[in-house]
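**Q** Below is one structure. I have some questions about it.
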Amino acid sequence: GKTVQAIVAALAAGCKKILVITTASLKSTWKREISYFENLNDIVIVNGSKWDGTAGKFTVINYDIVQNYYEIPYENEYKIEKIYGKDGKVEELKVPVMIKDKKTGKMVNKQVKSNKKVDIKKALLNSPLFTSNFDCVIIDEAQKLSNNTSNRYKVIYDFLRKSSIKYVFLVTGTPLTNTPMNLYYILRLIDADVTK
């Protein structure tokens, strides 16, 4: 019932481009349910890493590949180190912060989210999810976004903040997975008043 309710709500709101984010195992279910209301030609199912950004009235994508189509702008993090010369003068140097890569074990530059307009603009232009100009997003199994430190949460949260999406529907049968804080992060996606 939740799937049909979300579809009908999006259609009743007059949405023209609707993005559905769900689990990989439920993409075919969404396609079948949408086909009761829309022509199959109006449904795009995104698989793998080859989507060109062409969206139908409904575009269905799974959590595991969302980050392939949305880029968060990052830049190197720096710290200021003071160097004291023999003459007593202090010189400040901007030095990159280095961390150990978890996969390779090598030292790499620490990356932080960039607030520079040029970096943000470049990242958004490289993001088919952003350039598709969706006016509605349906997030199925929203409890999967209860961990705000996960990559999928960061990508979807940034996407929702930077896009001018009119409607965001969270669909879940399990809104509270472990602690009340999990529900807080889910509600933060829709900028619910209780999260302010």
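**Q** Looking only at the stretch 37-68, filter to residues that are farther than 15 Å from I21 by Cα and loosely packed, with under 13 Cβ neighbours inside 10 Å; which one of those is nearest to the chain's Cα centre (by Cα)?
**A** In this case the residue turns out to be S49.
**Q** Ok, one more. Could you tell me which numbered condition E71 fails, if it satisfies all but one of (1) more than 27 Å from P128 (Cβ to Cβ); (2) open to solvent by 60 Å² or more (accessible area, probe 1.4 Å); (3) not in a helix (DSSP H, G or I)?
**A** (1)
**Q** Cβ-Cβ under 7 Å, sequence separation 6+ or interchain: first residue in the stretch 27-46 and without any contact (Cβ under 8 Å) to a residue 60 or more places away in the chain, partner assigned to a loop (DSSP other than H, G, I, E, B). Which pairs?
**A** From the stretch 27-46, the pairs are E38/K57; D42/G56; D42/K57; I43/G56; V44/T54; V44/A55; V44/G56.
**Q** Further question: Answer yes if at least one residue in the stretch 54-66 is in a loop (DSSP other than H, G, I, E, B), touching a helix residue (DSSP H, G or I) at 6+ places or on another chain (Cβ under 6 Å) and in contact (Cβ under 8 Å) with a residue 12 or more places away in the chain, and no otherwise. Steps first, answer last, please.
**A** First pass over the stretch 54-66, keeping only residues in a loop (DSSP other than H, G, I, E, B): 54-57.
Remaining after also requiring touching a helix residue (DSSP H, G or I) at 6+ places or on another chain (Cβ under 6 Å): 56-57.
Those still in the list that are in contact (Cβ under 8 Å) with a residue 12 or more places away in the chain too: 56-57.
Scanning the stretch 54-66, I find at least one residue that is in a loop (DSSP other than H, G, I, E, B), touching a helix residue (DSSP H, G or I) at 6+ places or on another chain (Cβ under 6 Å) and in contact (Cβ under 8 Å) with a residue 12 or more places away in the chain, so the answer is yes.
**Q** Here's another thing I want to ask about it. How do the pairs read when you match residues in the stretch 1-25 that are open to solvent by 40 Å² or more (accessible area, probe 1.4 Å) with residues anywhere that are part of a loop (DSSP other than H, G, I, E, B) and not basic (K, R), using Cβ under 7 Å and keeping only pairs 6 or more apart or on different chains?
**A** If the second residue must be part of a loop (DSSP other than H, G, I, E, B) and not basic (K, R), the pairs left are K2/G173; L11/F37; K16/D135; K17/A55; K17/S132; K17/N133; K17/F134; K17/D135.
**Q** May I ask you to list the residues in the stretch 113-141 that are assigned to a strand (DSSP E or B) and either over 29 Å from N47 (Cα atoms) or touching a Lys or Arg at 6+ places or on another chain (Cβ under 7 Å) (or both)?
**A** Of the residues in the stretch 113-141, the ones assigned to a strand (DSSP E or B) are 113, 136-140.
Listed by number, the list holds a single entry, C136.
**Q** Looking for whichever is open to solvent by less than 70 Å² (accessible area, probe 1.4 Å), under 30 Å from V8 (Cβ atoms) and either assigned to a helix (DSSP H, G or I) or at pLDDT below 90 (or both) here; the options are L170, L187. Which one fits? First the steps, then the outcome.
**A** Numbers: L170 fails: either assigned to a helix (DSSP H, G or I) or at pLDDT below 90 (or both).
On inspection, the qualifying residue turns out to be L187.
**Q** A further question follows. Could you say which residue among N109, N178 is of a type outside the set (S, T, Y), surrounded by 13 or more Cβ atoms within 10 Å (Cβ to Cβ), free of Cβ contacts under 8 Å to residues at least 60 places away in the same chain and over 30 Å from A12 (Cα atoms)? Please lay out each step first, then the result.
**A** On the way: N178 fails: surrounded by 13 or more Cβ atoms within 10 Å (Cβ to Cβ).
Matching residue, one of N109, N178: N109.
**Q** I would also like to ask the following. Can you tell me which of K31, K103, K113, K79 is over 22 Å from Y157 (Cα atoms), of a type outside the set (S, T, Y) and modelled with pLDDT under 90? Please lay out each step first, then the result.
**A** Values: K31 fails: modelled with pLDDT under 90; K113 fails: over 22 Å from Y157 (Cα atoms); K79 fails: modelled with pLDDT under 90.
Exactly one of K31, K103, K113, K79 is over 22 Å from Y157 (Cα atoms), of a type outside the set (S, T, Y) and modelled with pLDDT under 90, namely K103.
**Q** I'd like the residue in the stretch 90-106 that is more than 23 Å from P73 (Cβ to Cβ) and assigned to a strand (DSSP E or B) and, out of all such residues, is most open to solvent (accessible area, probe 1.4 Å).
**A** K100
**Q** Among (1) open to solvent by 40 Å² or more (accessible area, probe 1.4 Å); (2) within 17 Å of the chain's Cα centre (by Cα); (3) touching a residue at least 24 places away in the same chain (Cβ under 8 Å), where does T149 come up short?
**A** (3)
The values are calculated or read from the model by the stated rules, or taken from the named source; none is laboratory data. Computed from a predicted model, the values in this text were never measured in an experiment. Glycine also receives a Cβ, built like all others from the backbone with ideal geometry; neighbour counts cover every protein chain displayed. Accessible surface is based on the protein model in full, side chains and every heavy atom, while ligands, DNA and RNA are left aside. Shrake-Rupley method; radii C 1.70, N 1.55, O 1.52, S 1.80 Å.
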